[in-house]
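What follows is a short report on a single structure.
The values are calculated or read from the model by the stated rules, or taken from the named source; none is laboratory data. Computed from a prediction, not measured in an experiment: that's the story for all the values here. A quick note on method: Cβ atoms are made from the backbone with ideal geometry, for glycine too, and the neighbour counts reach across all protein chains shown. Only protein heavy atoms, including side chains, enter the accessible area calculation; ligands, DNA and RNA are left aside. Shrake-Rupley method; radii C 1.70, N 1.55, O 1.52, S 1.80 Å.
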Amino acid sequence: MEDARHIGIVAVSAEGAALCYRTICIESASLLGAHNHPQVTMHIEADRWQDAGKLMLASANIVVRGGAELLICPDNTAHQALDLIREESPAPWLHIAEEVAAVAATRHFQRLGILGTRYLMEGPVYPQKLAGRGIAHEIPGTQDRERINAIIFDELVYGRFEQGSRQYFQRVIEALGARGCDAVVLGCTEIPLLITEAESPLPAIDSTRTLARAALREATRHLSS
């Protein structure tokens with residue numbers, strides 16, 4: 001039997017990278033059998049946003065030299081840099097917002113609330129990919145964006161998941177629903193560790209697990225053909 005393709009994870013956050021890796025390993029059992037999963041090579045970098053595109057390309061080269069055949073980055077915000085270097089990459093990338101948009105289209109969502117870092121909520125990563133599918137989007141107000149950003153960088157990236165922050169996210173999601181959103185994107189790698197899809201007042205798309213499942217699907221596609 002052929003082997004699954006080797007997946008390279010280019011990561012910024014350890015918590016998010018671990019969630020992505022665990023999802024690939026756990027969910028591969030139904031495709032490859034118990035205790036089997038694609039080979040995964042991971043490289044984690046941080047705090048060099050001024051040159052993020054070059055950093056991602058350098059990390060891509062590292063995991064490709066380790067044998068990776070397709071690449072993913074479980075950091076939503078970094079995808080703004082990914083769009084700049086994708087064509088130069090030594091292996092193909094899966095884009096987290098493209099995969100989320102595909103899931104949203106399949107589930108017939110029409111307006112998504114976007115949650116993530118301030119850079120992600122205010123940036124072009126999701127609007128461009130959602131617009132390509134005819135899907136509208138909303139983001140929280142200014143004060144909520146600032147508080148969400150602070151929770152991510154002061155709590156979540158350090159593995160702190162406070163009940164008060166969970167309840168705050170639920171209120172923000174309810175407000176997005178009142179503005180016409182029929183679903184919400186958990187668009188920061190760590191948000192699904194704070195609030196699960198079951199705890200969300202609106203249907204939620206977990207961007208981290210969505211990307212991990214897409215990588216697993218691509219890594220094993222040739223095995224079922």
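Evaluation of F109 against the conditions (1) under 16 Å from the mean Cα position of the chain (by Cα); (2) buried (at least 22 other Cβ atoms within 10 Å of the Cβ); (3) among the hydrophobic types (A, V, I, L, M, F, W, C) shows that the sole unmet condition is (1).
For region 139-154, the tally of residues that are of a type in the set (D, E, K, R) and under 19 Å from L112 (Cα atoms) stands at 2. Being part of a helix (DSSP H, G or I), within 20 Å of the chain's Cα centre (by Cα) and over 17 Å from M121 (Cα atoms) is the filter here; which residues of region 171-194 pass it? Correct list: L193, L194.
Report yes if some residue within region 63-75 is closer than 21 Å to F169 by Cα, modelled with pLDDT under 95 and open to solvent by less than 30 Å² (accessible area, probe 1.4 Å); otherwise report no.
yes
The one condition from (1) over 17 Å from N76 (Cβ atoms); (2) of a type outside the set (G, A, S); (3) open to solvent by 30 Å² or more (accessible area, probe 1.4 Å); (4) modelled with pLDDT of 95 or more that H222 does not meet is (4).
Pairing residues of region 182-196 that are within 15 Å of Q167 (Cβ to Cβ) with residues that are of a type in the set (D, E, K, R), at Cβ distances under 6 Å and at least 6 apart in sequence or on separate chains, gives L194/R166; I195/R166. Can you tell which of A136, A81 is more than 18 Å from the chain's Cα centre (by Cα), farther than 19 Å from P192 by Cβ and not charged (D, E, K, R)? The conditions single out A136.
From the list R213, R166, R209, exactly one residue is among the basic types (K, R), in contact with an Asp or Glu (Cβ under 8 Å, 6 or more places away or on another chain) and either at pLDDT 95 or above or closer than 17 Å to Y126 by Cα (or both). Which is it? Walk me through how you get there before you give the answer.
Numbers: R213 fails: either at pLDDT 95 or above or closer than 17 Å to Y126 by Cα (or both); R209 fails: in contact with an Asp or Glu (Cβ under 8 Å, 6 or more places away or on another chain).
From the options R213, R166, R209, the qualifying one is R166.
If you check G177, G187 for being closer than 17 Å to T23 by Cβ and surrounded by 17 or more Cβ atoms within 10 Å (Cβ to Cβ), only one passes: G187.
Within region 172-196, the set of residues being touching a helix residue (DSSP H, G or I) at 6+ places or on another chain (Cβ under 9 Å) and either of a type in the set (D, E, K, R) or more than 17 Å from Q110 (Cβ to Cβ) (or both) comprises V172, A175, L186, G187, C188, T189, E190, I191, P192, L193, L194, I195.
Residue-by-condition table, conditions (1) in contact (Cβ under 8 Å) with a residue 40 or more places away in the chain; (2) among the charged types (D, E, K, R); (3) more than 18 Å from G177 (Cα to Cα); (4) open to solvent by less than 50 Å² (accessible area, probe 1.4 Å):
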position: G116; (1), (2), (3), (4): yes, no, no, yes
position: E122; (1), (2), (3), (4): no, yes, yes, no
position: L130; (1), (2), (3), (4): no, no, no, yes
position: G134; (1), (2), (3), (4): no, no, yes, no
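The number of residues in region 195-216 being farther than 22 Å from P92 by Cα, part of a helix (DSSP H, G or I) and in contact with a strand residue (DSSP E or B) (Cβ under 9 Å, 6 or more places away or on another chain) comes to 2. Of all residues in region 205-214, none are basic (K, R) and within 23 Å of D144 (Cβ to Cβ).
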